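Taking it in order: structure first as structure tokens, then the write-up.
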Amino acid sequence: MGLPQPGLWLKRLWILLQVALHVTLGKVQLKLFPRRVKQHILAMNRKNPHFSYDNWAPTLFSTPYFWFILKVRWQRLEDKTEEGSLAPNCPVVRLSGQRCHIWDFMQDGWAFKNNVVIKNHRNLQDRLQAAHLLLDRSPRCPVVVDTMKNQSSQLYAALPDRLYVLQEGRILYKGKPGPWNYHPEEVRAVLEKLRS
């Protein structure tokens with residue numbers, strides 16, 4: 001891969017400063033105005049029935065939170081996808097261990113319900129084992145995992161989550177990053193338009 005260009009390093013430095021400021025201000029606000037911060041966070045997540053403030057609050061503005069937000073923001077600098085452009089055909093792994101590519105799964109719309117909490121994995125076996133948790137929920141789509149190089153996640157800027165509609169190797173829809181800008185109803189509209 002090599003070293004990133006100097007421009008990318010400057011952008012990363014700028015994002016590092018932004019995230020550090022965000023986390024610092026968040027910690028201060030959480031200490032000084034805990035009730036107001038809780039109200040604001042609950043208001044932002046009122047459409048998500050699975051959101052629990054008590055599960056999230058201890059992690060907000062923590063060191064792991066800082067590193068995760070930094071990773072997400074840095075990854076978005078390397079987003080390689082645009083609507084109408086050729087979709088990256090990244091390698092992925094079936095749960096059987098067979099290697100294949102994203103394009104192998106282009107078919108009619110995918111549907112996901114609810115979310116599964118999965119801890120970080122250190123190797124492909126951990127990743128495949130975590131994916132089996134999804135199978136317990138009987139998803140109506142193929143389940144594959146990214147390779148440990150995370151090429152799909154990187155090229156599609158999918159961290160923490162993002163919806164795409166691909167057809168014949170082209171990106172027809174590129175959703176905004178989740179969880180707050182995640183809009184499955186937009187995917188449904190694109191799929192219904194394709195069906196008509």
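A single member of 181, 150, 115 is open to solvent by 80 Å² or more (accessible area, probe 1.4 Å), at pLDDT below 85 and not acidic (Asp, Glu), and it is 115. In the stretch 146-159, the residues that are in contact (Cβ under 8 Å) with a residue 60 or more places away in the chain reach residues that are polar (S, T, N, Q) and surrounded by 15 or more Cβ atoms within 10 Å (Cβ to Cβ) with C-beta atoms within less than 7 angstrom, at least six apart or across chains, in these pairs: 154/75; 155/81; 156/81; 157/75; 157/81; 159/75; 159/153. Flag: residue 31 does not match the condition of being open to solvent by 40 Å² or more (accessible area, probe 1.4 Å) and either touching a Gly at 6+ places or on another chain (Cβ under 7 Å) or in contact (Cβ under 8 Å) with a residue 12 or more places away in the chain (or both). Looking only at residues of the stretch 168-196 that are more than 19 Å from the chain's Cα centre (by Cα) and in a loop (DSSP other than H, G, I, E, B), we find that the one that is nearest to residue 101 (Cα to Cα) is 169.
Annotation: of all residues in the stretch 158-170 being within 19 Å of residue 75 (Cα to Cα) and hydrophobic (A, V, I, L, M, F, W, C), the one that is surrounded by the most Cβ atoms within 10 Å (Cβ to Cβ) is 158. Regarding residue 3, is this residue at pLDDT below 85, open to solvent by 30 Å² or more (accessible area, probe 1.4 Å), part of a loop (DSSP other than H, G, I, E, B) and more than 30 Å from residue 172 (Cα to Cα)? Yes: the conditions hold for residue 3. Does the stretch 117-158 hold any residues that are assigned to a loop (DSSP other than H, G, I, E, B) and closer than 19 Å to residue 83 by Cβ, and which are they? If the condition is that a residue be assigned to a loop (DSSP other than H, G, I, E, B) and closer than 19 Å to residue 83 by Cβ, then 156, 157, 158 are the ones that fit.
Residues checked against (1) modelled with pLDDT under 80; (2) assigned to a helix (DSSP H, G or I); (3) within 22 Å of the chain's Cα centre (by Cα):
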| site | (1), (2), (3) |
| --- | --- |
| 10 | no, yes, no |
| 21 | no, yes, no |
| 31 | no, yes, no |
| 37 | no, yes, no |
| 46 | yes, no, yes |
| 58 | yes, yes, yes |
| 76 | no, yes, yes |
| 89 | no, no, yes |
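Reported count of residues in the stretch 118-131, each being loosely packed, with under 14 Cβ neighbours inside 10 Å and modelled with pLDDT of 85 or more, is 2.
The values are calculated or read from the model by the stated rules, or taken from the named source; none is laboratory data. None of these values were measured; they are calculated from a predicted model. Neighbour counts run over all protein chains shown; Cβ positions are idealised from the backbone, glycine included. Side chains included, ligands, DNA and RNA excluded: accessible areas come from the protein's heavy atoms. Shrake-Rupley method; radii C 1.70, N 1.55, O 1.52, S 1.80 Å.
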